[in-house]
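To start, the structure itself, in structure tokens.
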Amino acid sequence: MGCFITFEGIEGCGKTTQIRHLAKRMEQLEIPVTVTREPGGCPIADQVRSILLNSANREMLPMTELLLYAAARSQHVEEVVKPALAAGKIVLCDRFTDATMAYQGYGRGIDSALIERLNQMATSGIRPDLTVILDCPVEVGLSRAFERINGTTGEREERFEMETVAFHQRVRDGYLHLARKEPDRFLVINGEENVDAVSKNMEREVLARIGGR
């Protein structure tokens, strides 16, 4: 089996950029790697993503949101994650089950036991071997996120960015609480530093972890 590494954090924390850098480094080291994301990662889940992140859907109920994430995850795990792990690859996934607990649990206030049950069903019990949290203050993350959104053309995936600062603070606090509960699985990286500094720190820490496997 391969190694499943997930990356988490608030909007604008820089994880997508850092995943790209880490994947490039792994390829240079001839480590077989698959990069994917949630929600999305395969055609059906990508269609669900467009619903979840579309700012026109501001009236979406928290339970609807939760169930859509679970549906997208089920498809993604079967089509992408399981086959890649079975092939012995390192899977780098931009968000996974901890995002659901942070956003829909701590952020929305949905019962954590229900979320855990849905996550278990959607993943067939697959859990990350390592979860990296790129942590930064909410104000920093949101500023970066809106700079990115305003600089892109096409579909604007900004439904969560339009939530209140208090919501994003609950999400950040939730992530840090999850990390304290499972220190052996989580790795918290300071995402407020410049891109190169974060990249070097992440590369060193992650490669050390998977080297131990």
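Just so it is clear, none of the values below were taken in a lab; they were calculated from the coordinates. Since this is a predicted model, take the numbers as computed values, not measurements. Note that each Cβ is placed from the backbone with ideal geometry, even for glycine, and that neighbours are counted across all protein chains shown.
Kindly indicate whether Ala166 is under 27 Å from Asn57 (Cα atoms) and part of a helix (DSSP H, G or I). So Ala166 passes the test. Looking across segment 48-96 at every residue that is without any contact (Cβ under 8 Å) to a residue 40 or more places away in the chain and of a type in the set (S, T, N, Q), the one that is nearest to Gly174 (Cα to Cα) is identified as Thr64.
Close contacts from segment 119-137, counting a first residue that is in contact (Cβ under 8 Å) with a residue 12 or more places away in the chain and a second that is of a type in the set (S, T, N, Q), with Cβ to Cβ under 7 Å and a gap of 6+ residues or different chains, come to Asn119/Thr97; Asn119/Thr100; Ala122/Ser74; Thr123/Thr97; Pro128/Thr6; Thr131/Thr6; Leu134/Gln18; Asp135/Asn190.
Given the structure, is Thr17 outside any loop (DSSP other than H, G, I, E, B), touching a Pro at 6+ places or on another chain (Cβ under 6 Å), within 27 Å of Phe167 (Cβ to Cβ) and not small (Gly, Ala, Ser)? For Thr17, the condition - outside any loop (DSSP other than H, G, I, E, B), touching a Pro at 6+ places or on another chain (Cβ under 6 Å), within 27 Å of Phe167 (Cβ to Cβ) and not small (Gly, Ala, Ser) - is not met.
Of the residues making up segment 34-76, those that are crowded, with 16+ Cβ neighbours inside 10 Å, more than 16 Å from Tyr103 (Cα to Cα) and touching a Gly at 6+ places or on another chain (Cβ under 9 Å) are Thr34, Val48, Gln75, His76. Residues that are farther than 14 Å from Thr6 by Cβ, buried (at least 23 other Cβ atoms within 10 Å of the Cβ) and more than 14 Å from the chain's Cα centre (by Cα): does segment 138-145 have at least one? There is at least one residue in segment 138-145 that is farther than 14 Å from Thr6 by Cβ, buried (at least 23 other Cβ atoms within 10 Å of the Cβ) and more than 14 Å from the chain's Cα centre (by Cα). Here is the figure for segment 81-133: residues that are touching a Ser or Thr at 6+ places or on another chain (Cβ under 6 Å) and among the hydroxyl-bearing types (Ser, Thr, Tyr) total 1.
For the criterion of being charged (D, E, K, R), out of contact with any helix residue (DSSP H, G or I) (no Cβ under 9 Å at 6 or more places or on another chain), in a helix (DSSP H, G or I) and free of Cβ contacts under 8 Å to residues at least 12 places away in the same chain, Arg144 fails.
Taking the criterion of being more than 17 Å from Asp129 (Cα to Cα) and either loosely packed, with under 12 Cβ neighbours inside 10 Å or not polar (S, T, N, Q) (or both), the residues of segment 165-189 that qualify are Val165, Ala166, Phe167, His168, Arg170, Val171, Arg172, Asp173, Gly174, Leu176, His177. Here Ser124 fulfils each of the conditions (1) more than 25 Å from Arg180 (Cβ to Cβ); (2) surrounded by 17 or more Cβ atoms within 10 Å (Cβ to Cβ); (3) of a type in the set (S, T, N, Q) apart from (2).
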